[in-house]
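Take a look at the structure set out below.
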Amino acid sequence: MLAGLYKEEKYEDVGNVSELMQKYGVSRGVIVVIMEVRWGEGVARRDVDGGMKPNMETYAHLTHGFCNEERNDEAKKMFKSMVNHDCRPNSDCYFTFIHYLCNGGDFDTALQICKESVEKGWVPNFGNMKSLVNGLVRINKVDEARELITQVNERFSRNIDLWDEVEAGLPQ
């Protein structure tokens, strides 16, 4: 069904079907496997070939599905491909990607993606940010953690008291 919807360029319907699949217990990871079986990792190349034209939703599902399946290298490639093919990720794409990267222990990439997000005026929720800050501390990047806290506090005054508490707990 997804293949047919893509072929007919009914991208909104693809998103609706994907949401229904998730609603009834089909994980994003399974959706990615279905897409991979049909399109493989050459999703972006099909755009050039005049076939399926992936949009932000397509890339977001693939990126998050790869993350959900703990395939962060493929997720990073997919996210980069999304940006390179003029499909601009929205704030949810950034936030979910940061969440999964932190869960997978890739705090360097999560920091890079977080900085891009903040530059666009989007700050992930406090839980994701705290996870990133704590992860940076675990990999001995305390200065980067402090810089991130400062940057978030300067641009977004929300939760400043919580950030003060987190920053006070950082190693010296």
Checking the table 115/141; 10/76; 77/141 against a 18 Å threshold on Cα-Cα, which pairs fail?
10/76; 77/141
Which of the three applies to segment 91-172, rounded, prolate or oblate, going by the alpha-carbon gyration tensor with a ≥ b ≥ c and a/c under 1.5 meaning rounded?
oblate
Arranged from highest to lowest average of other beta-carbon atoms within 10 Å per residue, in what order do the peptides 76-88, 127-139, 92-104 appear?
92-104, 127-139, 76-88
Hey, how many Å between the Cα centroid of segment 78-106 and the Cα centroid of segment 112-172?
18
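Readers should treat all values here as calculations from the given coordinates under stated rules, not as data from a laboratory. No experiment lies behind these values; they were computed from the predicted model shown. Virtual Cβ from ideal backbone geometry, glycine too; neighbours counted across all protein chains shown.
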